[in-house]
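Here's the structure, in structure tokens; my notes come after.
Just so it is clear, none of the values below were taken in a lab; they were calculated from the coordinates. Everything numeric here is computed off the predicted structure, so don't read it as measured data. Quick reminder, even Gly has a Cβ in these numbers, built from the backbone with ideal geometry, and neighbours come from all protein chains shown.
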């Protein structure tokens, strides 16, 4: 995996994942002729704060299939970090979700990792994905600063 460009994992024992930062939006533009053979991309994210829910959004210019799983270990692509399914959707262009800090017990499971598998898309495509953890009061402040 291309670790210099934020990819983690082991392609010989599983797959590679782009390691997403929390509270950033990432855009992946697969628009060049060299990108024509890509039909999937994988992401991973680990919550940074134990007392805040983890919100996730993804959208793309073309339809795609989406699978989201979680694991108590960030041993990406290995058998020891068994992944538990959360979401499986097909032929979509966007998805939003929130993962509860209480349901997934971020306090106890500080190494919990969420995996996002985006598959079965066609070239060319632009994909935007973000994971965030923030206070709801900050959402109101941001709203008023943005729109008023």
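Label-to-label distance, residue 109 versus residue 49, with points set 7 angstrom from Cα along the beta-carbon direction: 2.0 nm.
Each residue, residue 61 and residue 15, gets one label point 7 Å from its Cα in the Cβ direction; the gap between the two is 2.3 nm.
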